[in-house]
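Every number in this text was worked out from the coordinates using simple rules, so none of it is lab data. All values reported here derive from a predicted model rather than from experimental measurement. Because the Cβ atoms are built from the backbone with ideal geometry, glycine has one as well, and the counts that use them run over all protein chains shown.
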Amino acid sequence: MFIVCLPLEVDKNPVKTESLKPKTVSIENLSILVVEDNDINMEVIEFMLQSEGAIVYKARNGKEAVEQFGQIKNLDLILMDLMMPIMDGYEATLQIRKKDKKIPILAMSANAYMQDIQKCYQAGMNGHISKPLYLEDLKDRIIQIL
C-alpha cells in the first residue's frame, strides 16, 4: 500500500467554461481550387466546402490545376490530391511554385506516413491532410494554412 500526499491549493479564480468552448472557424467566401481525380471524392469535397460558403473551382488532374491556376483571379488556397493521372500533385505543385511561391497548397492523401508528409513539403506544399476528410478537420487545416 502507498500513500501519496500532494500539497495542492484550491484555485479561487477557476477558468470559466465559456473560454473552453471551441472556436468556430469560417471558410466563407474563400476561393479554393480542388484538385481531385476521383469523382466521388470531388463531389464530397465540393459539397463540404460549398456548404460552408466557399467558392470552389475544380481540376481533375495536376495538368488542369496548373492551367486553371493561371486563370483564376483571387485564389485563396489549393487543395491538392497527390495521386492523379496525367500529372500528379507533386509535379503540379512544382509547376505552380514556378509561377507563385505564396499560394497556400494543402495536400490531400490517404498516405499519411511521415515520409509522405515530408515529400509534400519538399515539393512546396504548405501542409497535409489525411483522407478521408472530415469537415471540421478540413476547416481547421485551411485556417491554419491561411
Q: For the chain, state the average projected area of the convex hull of the C-alpha atoms over all orientations, rounded to one decimal in nm².
A: 14.0
Q) Highest mean first, what order results for 67-74, 91-98, 116-123 on Cβ atoms within 10 Å? A) 91-98, 116-123, 67-74
Q. Once every DSSP H run of n ≥ 4 in the chain is given -39500 (n - 2.57) and the sum is divided by its residues, what mean residue ellipticity at 222 nm do you get, rounded to the nearest 500 deg cm²/dmol?
A. -11000 deg cm²/dmol
Q.
Give me the extension gain from GLN71 to GLU91: residue separation times 0.36 nm, minus the current Cα-Cα distance, reported in nm with one decimal.
A. 5.3 nm
Q: Report the relative contact order of the chain, percent, no decimals, based on alpha-carbon pairs under 8 angstrom and at least 6 residues apart.
A: 21
Q.
Using a Cα-Cα cut-off of under 22 Å, which lysines could be cross-linked to LYS12, ignoring same-chain neighbours fewer than 8 residues away?
A. LYS21
Q: Excluding residues on the same chain fewer than 8 positions from LYS98, give the aspartates and glutamates whose Cα lies under 15 Å from its Cα.
A: GLU67
Q. Could you list, bin by bin from short to long, the percent of Cα-Cα pairs of region 93-146 in 10 Å steps?
A. 25, 52, 22, 0
Q.
Amide H of VAL34 versus every other amide H placed in the peptide plane: which residues, excluding those fewer than 5 positions away on the same chain, fall under 5 Å?
A. TYR57, LYS58, ALA59, LEU79
Q. Cα axis of helix 89-99 to longest principal axis of the chain: angle in degrees, 0 to 90, nearest 10?
A. 80
Q: Please report the relative contact order for region 67-110, taking Cα pairs under 8 Å with a sequence separation of at least 6, and give it as a percent rounded to a whole number.
A: 51
Q.
Checking the table LYS58/LYS139; LYS99/LYS139; LYS63/LYS101 against a 20 Å threshold on Cα-Cα, which pairs fail?
A. LYS99/LYS139
Q.
Report the gain in length on full extension from GLU136 to CYS5: 0.36 nm times residue separation, minus Cα-Cα distance, nm rounded to one decimal.
A. 43.0 nm
**Q.** Vicinal HN-Hα couplings computed from phi for region 106-116 (Karplus, 6.51 cos²θ - 1.76 cosθ + 1.60; Hz; Gly/Pro x)
**A.** 10, 6, 10, 6, 6, 7, 10, 6, 4, 5, 5
Q. So how tilted is helix 135-145 from the main axis of the chain? Cα-based, degrees 0 to 90, rounded to 10.
A. 80
Q) If amide H atoms are built 1.01 Å from N in the plane of the peptide, which residues on other chains or at least 5 residues away come under 5 Å of the amide H of ILE129? A) ALA107, MET108, SER109
